[in-house]
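Read the structure below first, then the notes.
The values are calculated or read from the model by the stated rules, or taken from the named source; none is laboratory data. Just so it is clear, the structure is predicted and the values come from calculations on it, not from any experiment. For neighbour counting, all protein chains shown are included, and Cβ atoms are generated from backbone atoms with ideal geometry for every residue, glycine included.
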Amino acid sequence: MGRESVDNKGFGYWTGLGIVLASAAIALLVSVTAVGPGVVHAFSHGITGRSGNPGTNEGTICTFCHRSGTIPTVTLGGPLSVAVGSTSTYRLTISGGQRSGGGLDVSVTGGTLLSGGADTRISAAPRDVIDGELVHSGTKAADGNGNVVFDFGWRAPPSAGSVTMYGAGNSVDRSIGVTGDNAASATLIITVLEAASISPQAFLPLLLRNSEGW
(Lines give C-alpha, C1' and ligand atoms only; values in the text may rest on other atoms or scores of the structure.)
Protein backbone atom coordinates (compact mmCIF):
# COMPACT_ATOMS: atom_id res chain seq x y z
CA MET A 1 0.00 0.00 0.00
CA GLY A 2 2.82 2.39 0.89
CA ARG A 3 4.65 1.64 -2.35
CA GLU A 4 1.49 2.20 -4.40
CA SER A 5 0.84 5.51 -2.66
CA VAL A 6 4.36 6.73 -3.45
CA ASP A 7 4.06 5.65 -7.07
CA ASN A 8 0.70 7.36 -7.46
CA LYS A 9 2.03 10.52 -5.85
CA GLY A 10 5.05 10.54 -8.18
CA PHE A 11 2.85 9.91 -11.19
CA GLY A 12 0.63 12.81 -10.21
CA TYR A 13 3.63 15.10 -9.80
CA TRP A 14 5.07 14.34 -13.21
CA THR A 15 1.66 14.52 -14.87
CA GLY A 16 1.05 17.95 -13.35
CA LEU A 17 4.49 19.14 -14.38
CA GLY A 18 3.89 17.93 -17.92
CA ILE A 19 0.62 19.85 -18.12
CA VAL A 20 2.31 23.03 -16.87
CA LEU A 21 5.16 22.73 -19.38
CA ALA A 22 2.76 22.00 -22.25
CA SER A 23 0.62 25.00 -21.34
CA ALA A 24 3.72 27.23 -21.21
CA ALA A 25 4.86 25.98 -24.61
CA ILE A 26 1.45 26.69 -26.16
CA ALA A 27 1.37 30.19 -24.63
CA LEU A 28 4.84 30.90 -26.01
CA LEU A 29 3.86 29.67 -29.46
CA VAL A 30 0.75 31.86 -29.50
CA SER A 31 2.80 34.86 -28.35
CA VAL A 32 5.48 34.37 -31.03
CA THR A 33 2.89 33.85 -33.75
CA ALA A 34 0.97 37.00 -32.80
CA VAL A 35 3.88 39.34 -32.10
CA GLY A 36 7.11 38.01 -33.49
CA PRO A 37 7.96 35.99 -36.62
CA GLY A 38 4.33 35.80 -37.69
CA VAL A 39 4.31 39.55 -38.18
CA VAL A 40 7.77 39.73 -39.69
CA HIS A 41 7.34 36.95 -42.22
CA ALA A 42 3.80 37.89 -43.26
CA PHE A 43 4.65 41.55 -43.73
CA SER A 44 7.95 40.90 -45.48
CA HIS A 45 5.92 39.51 -48.37
CA GLY A 46 3.37 42.32 -48.35
CA ILE A 47 0.20 43.15 -46.49
CA THR A 48 -3.03 44.67 -47.77
CA GLY A 49 -5.28 47.31 -46.28
CA ARG A 50 -2.46 49.64 -45.18
CA SER A 51 -2.17 51.98 -48.16
CA GLY A 52 -3.75 54.98 -46.45
CA ASN A 53 -7.03 54.41 -48.27
CA PRO A 54 -9.80 55.62 -45.91
CA GLY A 55 -12.00 52.84 -47.25
CA THR A 56 -9.84 50.17 -45.59
CA ASN A 57 -8.78 50.03 -41.95
CA GLU A 58 -9.71 53.70 -41.47
CA GLY A 59 -6.84 54.88 -43.65
CA THR A 60 -4.06 53.42 -41.51
CA ILE A 61 -0.65 52.63 -43.02
CA CYS A 62 2.32 50.44 -42.10
CA THR A 63 2.87 52.38 -38.86
CA PHE A 64 0.02 50.30 -37.46
CA CYS A 65 2.83 47.85 -36.61
CA HIS A 66 6.17 49.33 -37.74
CA ARG A 67 7.41 52.13 -35.51
CA SER A 68 10.20 54.09 -33.80
CA GLY A 69 12.40 54.53 -36.89
CA THR A 70 13.04 57.72 -38.86
CA ILE A 71 10.00 58.81 -40.88
CA PRO A 72 10.72 58.64 -44.63
CA THR A 73 9.35 60.70 -47.51
CA VAL A 74 7.04 58.83 -49.87
CA THR A 75 6.08 60.09 -53.33
CA LEU A 76 3.82 58.78 -56.07
CA GLY A 77 4.57 59.78 -59.65
CA GLY A 78 2.93 59.17 -63.01
CA PRO A 79 0.42 60.60 -65.49
CA LEU A 80 -2.35 62.68 -63.95
CA SER A 81 -4.58 62.51 -67.03
CA VAL A 82 -5.12 59.30 -69.01
CA ALA A 83 -7.55 57.93 -71.58
CA VAL A 84 -10.18 55.37 -70.64
CA GLY A 85 -8.86 51.83 -70.80
CA SER A 86 -5.24 52.94 -71.26
CA THR A 87 -2.28 51.52 -69.35
CA SER A 88 0.29 53.80 -67.71
CA THR A 89 3.40 53.40 -65.57
CA TYR A 90 3.62 54.81 -62.05
CA ARG A 91 6.36 54.94 -59.44
CA LEU A 92 6.40 54.93 -55.64
CA THR A 93 9.64 56.18 -54.10
CA ILE A 94 10.70 55.89 -50.48
CA SER A 95 13.48 58.34 -49.65
CA GLY A 96 15.14 59.13 -46.35
CA GLY A 97 14.07 57.02 -43.42
CA GLN A 98 16.30 54.06 -42.65
CA ARG A 99 17.88 54.09 -46.15
CA SER A 100 18.22 50.30 -46.02
CA GLY A 101 15.12 48.69 -47.50
CA GLY A 102 11.40 49.04 -47.86
CA GLY A 103 8.02 47.75 -48.90
CA LEU A 104 4.74 49.21 -50.10
CA ASP A 105 0.99 48.91 -50.34
CA VAL A 106 -0.90 50.67 -53.13
CA SER A 107 -4.64 50.75 -53.75
CA VAL A 108 -6.91 52.58 -56.19
CA THR A 109 -10.56 53.56 -56.25
CA GLY A 110 -10.91 52.42 -59.86
CA GLY A 111 -9.10 50.63 -62.66
CA THR A 112 -6.61 47.80 -62.24
CA LEU A 113 -3.15 47.79 -60.69
CA LEU A 114 -0.45 45.79 -62.49
CA SER A 115 2.77 44.39 -61.06
CA GLY A 116 5.90 46.03 -62.42
CA GLY A 117 8.26 43.11 -61.86
CA ALA A 118 9.56 40.55 -59.42
CA ASP A 119 9.65 43.05 -56.55
CA THR A 120 5.86 43.47 -56.47
CA ARG A 121 2.73 41.35 -56.74
CA ILE A 122 -1.02 41.84 -56.92
CA SER A 123 -2.83 40.66 -53.82
CA ALA A 124 -5.36 37.85 -54.09
CA ALA A 125 -7.29 35.50 -51.82
CA PRO A 126 -6.74 33.24 -49.97
CA ARG A 127 -3.26 34.58 -49.26
CA ASP A 128 -4.41 38.17 -48.78
CA VAL A 129 -7.37 39.80 -47.07
CA ILE A 130 -8.02 42.29 -49.89
CA ASP A 131 -7.79 41.52 -53.61
CA GLY A 132 -6.28 43.81 -56.23
CA GLU A 133 -3.79 45.84 -54.21
CA LEU A 134 -0.13 46.17 -55.14
CA VAL A 135 2.24 44.94 -52.43
CA HIS A 136 5.93 44.02 -52.28
CA SER A 137 6.87 40.39 -52.87
CA GLY A 138 9.84 40.76 -50.52
CA THR A 139 11.70 43.52 -48.73
CA LYS A 140 13.47 45.56 -51.41
CA ALA A 141 16.97 46.88 -50.73
CA ALA A 142 17.65 50.59 -51.09
CA ASP A 143 19.66 51.77 -54.08
CA GLY A 144 22.99 53.57 -53.94
CA ASN A 145 21.25 56.82 -52.99
CA GLY A 146 19.37 55.22 -50.12
CA ASN A 147 16.05 55.26 -52.01
CA VAL A 148 13.67 52.35 -52.48
CA VAL A 149 11.89 52.60 -55.83
CA PHE A 150 8.94 50.54 -57.07
CA ASP A 151 7.65 50.84 -60.66
CA PHE A 152 4.24 49.42 -61.50
CA GLY A 153 1.39 49.73 -63.96
CA TRP A 154 -2.20 50.83 -63.78
CA ARG A 155 -4.96 50.26 -66.33
CA ALA A 156 -7.63 52.95 -66.37
CA PRO A 157 -11.29 51.99 -66.06
CA PRO A 158 -13.52 51.88 -69.17
CA SER A 159 -15.43 55.01 -68.20
CA ALA A 160 -14.36 58.61 -67.60
CA GLY A 161 -14.06 60.02 -64.11
CA SER A 162 -11.64 60.62 -61.26
CA VAL A 163 -9.58 57.89 -59.61
CA THR A 164 -7.55 58.23 -56.42
CA MET A 165 -4.36 56.23 -55.95
CA TYR A 166 -3.21 55.66 -52.37
CA GLY A 167 0.33 54.53 -51.65
CA ALA A 168 2.17 53.78 -48.42
CA GLY A 169 5.88 53.12 -48.25
CA ASN A 170 7.55 51.44 -45.29
CA SER A 171 11.21 52.24 -44.66
CA VAL A 172 12.81 49.37 -42.73
CA ASP A 173 16.18 48.72 -41.12
CA ARG A 174 16.05 45.08 -42.30
CA SER A 175 16.43 43.68 -38.81
CA ILE A 176 14.10 41.05 -37.39
CA GLY A 177 11.21 42.87 -35.75
CA VAL A 178 8.96 45.86 -36.31
CA THR A 179 10.86 48.45 -34.29
CA GLY A 180 13.39 50.71 -35.99
CA ASP A 181 11.10 51.11 -39.02
CA ASN A 182 8.68 53.83 -40.07
CA ALA A 183 6.35 54.72 -42.92
CA ALA A 184 4.63 57.53 -44.78
CA SER A 185 2.03 57.78 -47.53
CA ALA A 186 1.13 59.73 -50.65
CA THR A 187 -1.98 60.27 -52.76
CA LEU A 188 -2.41 60.83 -56.48
CA ILE A 189 -5.65 61.97 -58.13
CA ILE A 190 -5.90 60.81 -61.74
CA THR A 191 -8.40 62.14 -64.27
CA VAL A 192 -9.68 59.54 -66.73
CA LEU A 193 -10.82 61.10 -70.00
CA GLU A 194 -12.88 59.80 -72.89
CA ALA A 195 -10.77 59.19 -76.02
CA ALA A 196 -10.93 62.44 -77.99
CA SER A 197 -12.53 62.35 -81.42
CA ILE A 198 -10.22 64.35 -83.70
CA SER A 199 -11.56 65.56 -87.03
CA PRO A 200 -9.36 65.65 -90.18
CA GLN A 201 -9.38 69.46 -90.00
CA ALA A 202 -7.47 69.26 -86.74
CA PHE A 203 -4.47 67.90 -88.63
CA LEU A 204 -4.46 70.68 -91.28
CA PRO A 205 -2.22 73.17 -89.41
CA LEU A 206 0.29 70.40 -88.67
CA LEU A 207 0.36 69.29 -92.32
CA LEU A 208 0.84 72.84 -93.52
CA ARG A 209 3.64 73.44 -91.03
CA ASN A 210 5.47 70.30 -92.12
CA SER A 211 5.09 71.00 -95.84
CA GLU A 212 6.19 74.60 -95.57
CA GLY A 213 9.02 73.98 -93.11
CA TRP A 214 7.56 75.85 -90.14
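Taking residue 110, is it surrounded by fewer than 24 Cβ atoms within 10 Å (Cβ to Cβ), closer than 19 Å to residue 78 by Cβ and not polar (S, T, N, Q)?
Here the answer is yes, as residue 110 does meet what is asked.
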Residue selected from segment 94-107 under the condition farther than 16 Å from residue 167 by Cα and among the polar types (S, T, N, Q), by the criterion surrounded by the fewest Cβ atoms within 10 Å (Cβ to Cβ): 100
Some residue of segment 113-130 being crowded, with 17+ Cβ neighbours inside 10 Å, within 15 Å of residue 48 (Cβ to Cβ), in contact with a helix residue (DSSP H, G or I) (Cβ under 7 Å, 6 or more places away or on another chain) and small (Gly, Ala, Ser): no
Filter segment 131-154 down to the residues that are surrounded by fewer than 16 Cβ atoms within 10 Å (Cβ to Cβ) and among the charged types (D, E, K, R) and list them by number. 131, 143
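Residue-by-condition table, conditions (1) among the aliphatic types (A, V, I, L, M); (2) modelled with pLDDT under 95:
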site: 100; (1), (2): no, no
site: 159; (1), (2): no, no
site: 162; (1), (2): no, no
site: 174; (1), (2): no, yes
site: 189; (1), (2): yes, no
site: 192; (1), (2): yes, no
site: 209; (1), (2): no, yes
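Quick one: in segment 83-127, which of the residues that are among the basic types (Lys, Arg) and in a loop (DSSP other than H, G, I, E, B) is nearest to residue 45 (Cα to Cα)?
Here is the first cut: in segment 83-127, the residues among the basic types (Lys, Arg) are 91, 99, 121, 127.
Restricting the remaining residues to those that are in a loop (DSSP other than H, G, I, E, B) gives 99, 127.
Working: 99: 19, 127: 10 Å.
By that ranking, first place goes to 127.
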